[in-house]
Amino acid sequence: MIQYPNLSLTLLLSLVLLPPFVWTRRYGLEPYPAIILPSGASKASVTKTQVSFNRTSLWGKHKEKGDWIRVDLEPFLEPIPIHYLYAIAKNSFGLKSPNRKIRNGVITPEEVQGGKQWLRQKLVQSGYVADALMITIDKETFDVAANKIITSYREHEEILRLD
Amino acid sequence: MKKFFDWTERKLEILWNKAEAAAENDDRSLSILRISYGLFIIVFATPSFSWISKVLQSLFLPPTISLANLFDGFPSYAWLLVIDVSLFVCSICLLFGVKARYAGILFSALDIIGSSFSFSFGKIDHFIMFPVFIFGLSFTNWGVGYALIPDKEVAKKQQRRVLAILAVILCFGMFTAGFEKARHWIDFDLTKGGFIDWFYSGFFSTDRQYFLAPFILLIPPQTFEIFDYFTVIFELSPIIALISGRKWWLLWLFVASMFHLANTVLLNIPFPVHAPIYLSFIYIRFPLLTNFKKNSNQTKIYLFISTTITIISIHQLFNVVTRNSIEPLVIYALSLMKGRVELSLYVGLLVWLITFFWTGLAVAKAFNIITTPTDKADKASQES
């Protein structure tokens, strides 16, 4: 018979629940599994009629004209869920060294070739030229009165060569 | 020191008793809930991980602390399919009550293992409550009623404590979501917006443009500052509701259903796995099920169950052959949609409307706004 059943239970629960949360807040590295729900506390700049926000996009080259066209994400990424875009784009589709130490930070040439092959295939299936994929993050401003994006400033651009 | 421990124990006992009273549920309702979980999984949300084997290994970027980090890359199709098929079998066992306790525990373990790999793309989806609740509910009497091979009954005291623990875990989960938002969103600054950032980034980056989302573009953005405060209050308040008593806990669950319904139609973030979690604390009565049990002999029940299992198994076999994956029954509606994103939104809408109805009904009863015929029957049976 436990002498302090409620105290023991509370302590046990605290030991299970709190460390992953504290770890996540302290080091920004979320463990899994852990009882943590999405916080997503980022903010956009807002005025009476305008909103400035970040837009992440993928671009493929038009087959005939050769200019960059925004990729339709859902069929392109399939079967990867579309909301993984930010994480995958940040990781350059795994074609560069990872931004943290995983598998000793090594990506083998075979894996890079496999990744390029997969992306080429996806670009062709979506009707683009297979040689390159561009990842961009734009700071865009939407005006509610004009009902359109009025300014766009490129904050990040990365071209992945796939040949 | 002993005095301090005694005093703490007494205070905590009061709090845990309050949580138990607020989060309680009865055997019949829990058994219907088990069937609802089974149906929800099979029709709308069958976990499937075999798709992971189709993507490039170079994307493997597991969380630093994760089961997947013990591996060198994504597992093979065969391993992932074994997980998928096992999860499917567990969900059938939950639906029909075949040793539901073991099935629930196994389901939770496999779901967490599989998810460890699907969350190895640099992003963790926060579906953790779903396996945690199935695991916890396995230690209640949810596998006793309406069950083909019933579980051994547990003491009512244990059941009440398990539900209270699950409620506290849910409160803590909401706290983890609200804590960071409170630090950044409660800024009394109209030039910065949290909700509006979620909306505009999602609308333009990941095409979250369904239902009422386009109308948000027409509304002055500073209007939505109020949403930031509401979200923080909502996410930080469940523990207060739980300690305040059952009707306030039910009210919070109702607001939670409204919150998710609004997220589905405005932000296009459906998060349907939280629907059965909220329903875990609601008395659910389903007269059709009771009538079916009363009016059917054993042969008829076995015939119904075996036919259902056969149909669902053929469906899964067909999907494994044609799509190389296990799929929920709702997949047949995919041809009517633009893609899986749209399908998941309609699923979310339907699921949240049902949850909104059940939690709303529970609140209306708790605040004595309405009484239903099943309540009267329950009361009469308790009195007799």
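Condition check ((1) assigned to a helix (DSSP H, G or I); (2) surrounded by fewer than 19 Cβ atoms within 10 Å (Cβ to Cβ); (3) of a type in the set (S, T, N, Q); (4) under 20 Å from the mean Cα position of the chain (by Cα)) across all residues:
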| position | (1), (2), (3), (4) |
| --- | --- |
| A:I69 | no, yes, no, yes |
| A:T136 | no, no, yes, yes |
| A:I149 | no, yes, no, no |
| A:E158 | no, yes, no, yes |
Among the residues of segment B:12-31, are any within 20 Å of the chain's Cα centre (by Cα), within 26 Å of B:I83 (Cα to Cα) and in a helix (DSSP H, G or I)? yes
Restricting attention to segment B:133-152, which residues are under 29 Å from A:A34 (Cα atoms) and out of contact with any helix residue (DSSP H, G or I) (no Cβ under 6 Å at 6 or more places or on another chain)? B:L137
Any idea which of (1) within 12 Å of another protein chain (Cβ to nearest Cβ); (2) more than 20 Å from B:T176 (Cα to Cα); (3) free of Cβ contacts under 8 Å to residues at least 40 places away in the same chain is the one B:P131 doesn't satisfy? (2)
Out of B:I312, B:I331, B:I354, B:I301, I need the residue that is of a type in the set (V, I, T), within 19 Å of B:S36 (Cβ to Cβ), free of Cβ contacts under 8 Å to residues at least 60 places away in the same chain and surrounded by 14 or more Cβ atoms within 10 Å (Cβ to Cβ). Which one? B:I301
Does any residue in segment B:7-21 that is more than 22 Å from B:K247 (Cβ to Cβ) come within less than 7 Å, Cβ to Cβ, of a residue that is among the hydrophobic types (A, V, I, L, M, F, W, C) and in a helix (DSSP H, G or I) six or more places away or on a different chain, and which pairs are these? B:T8/A:L7; B:E9/A:L7; B:L12/A:L7
If you go through segment A:92-114 one residue at a time, do you hit one that is at pLDDT 90 or above, within 14 Å of the chain's Cα centre (by Cα) and either surrounded by fewer than 17 Cβ atoms within 10 Å (Cβ to Cβ) or not in a loop (DSSP other than H, G, I, E, B) (or both)? yes
Residue set B:F175, B:F195, B:F204; condition more than 30 Å from B:G136 (Cα to Cα) and more than 7 Å from every other protein chain (Cβ to nearest Cβ); output residue B:F195
Starting from segment A:41-59, keep only residues that are facing chain B (nearest Cβ under 7 Å) and surrounded by fewer than 17 Cβ atoms within 10 Å (Cβ to Cβ), then list their pairs with residues that are of a type in the set (A, V, I, L, M) and part of a loop (DSSP other than H, G, I, E, B) whose Cβ atoms are within a distance under 7 Å, requiring at least 6 positions of separation or different chains. A:T49/A:V144; A:T49/A:A145
Within segment A:26-37, is there a residue that is more than 7 Å from every other protein chain (Cβ to nearest Cβ) and not in a loop (DSSP other than H, G, I, E, B)? yes
Can you tell me how many residues within segment B:147-185 are more than 21 Å from the chain's Cα centre (by Cα) and either outside any helix (DSSP H, G or I) or touching a residue at least 60 places away in the same chain (Cβ under 8 Å) (or both)? 9
Can you give me the ranges of the helices (runs of 4 or more DSSP H) entirely in segment B:188-257 with at least 2 residues that are surrounded by fewer than 22 Cβ atoms within 10 Å (Cβ to Cβ) and within 23 Å of the chain's Cα centre (by Cα)? B:225-236, B:238-244
Considering only segment B:172-184, state which residues are hydrophobic (A, V, I, L, M, F, W, C) and either at positive phi or in contact with a Ser or Thr (Cβ under 9 Å, 6 or more places away or on another chain) (or both). B:M174, B:A177, B:F179
Conditions: (1) more than 11 Å from chain B (Cβ to nearest Cβ); (2) at negative phi. A:G66 meets all but one. Number of the miss? (2)
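The values are calculated or read from the model by the stated rules, or taken from the named source; none is laboratory data. Bear in mind that the values here come from a model prediction, so they are computed numbers and not experimental data. Cβ: placed from backbone, ideal geometry, glycine included. Neighbour counts: every protein chain shown.
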